[in-house]
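What follows is a set of notes on a single structure, which appears directly below.
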Amino acid sequence: MSVKIFFKGLSIERLSGSSGVFSGQNKHINWRSYSKRNDGFGSLEGQDNSVEQNHSVVSDKDTVDVYQAHPERR
């Protein structure tokens, strides 16, 4: 997510799925973030480049993608 937040001496230039900004005394009850990302293409750089009839394969051999310590507490 593209975001820029400036507040006095605080500068936040990037947020993700597990981001948080807290001030003072806080209790973060059930604060969780789970994610997984597989990319199969990569990037194409340079001038006048093109990709045609591309086929990508991601071989994901994980037996567990994301470990959840206590999924029953949702």
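Throughout, read-outs are computed from the coordinates displayed, never taken from laboratory work. It should be emphasised that the depicted structure is a prediction, and the values quoted were computed from it without experimental measurement. Positions of Cβ are generated from backbone atoms using ideal geometry, with glycine treated the same way; all protein chains shown enter the neighbour counts.
Each Lys or Arg adds one and each Asp or Glu takes one away; over the other residues whose Cβ falls under 11 Å from the Cβ of LYS4, this sums to 0. What nm distance separates the two modelled labels at ASP60 and ARG14, each placed 7 Å from Cα along Cα→Cβ? Between ASP60 and ARG14, the simple spin-label model gives 2.2 nm. In order along the stretch 27-37, phi translates into HN-Hα couplings of 10, 9, 7, 6, 6, 9, 8, 10, 7, 8, 9 Hz, rounded to whole numbers, per the Karplus curve 6.51 cos²θ - 1.76 cosθ + 1.60 with θ = phi - 60° and x for Gly and Pro. The distance between label points at GLN47 and VAL3 comes to 3.8 nm (points 7 Å beyond Cα on the Cα→Cβ vector).
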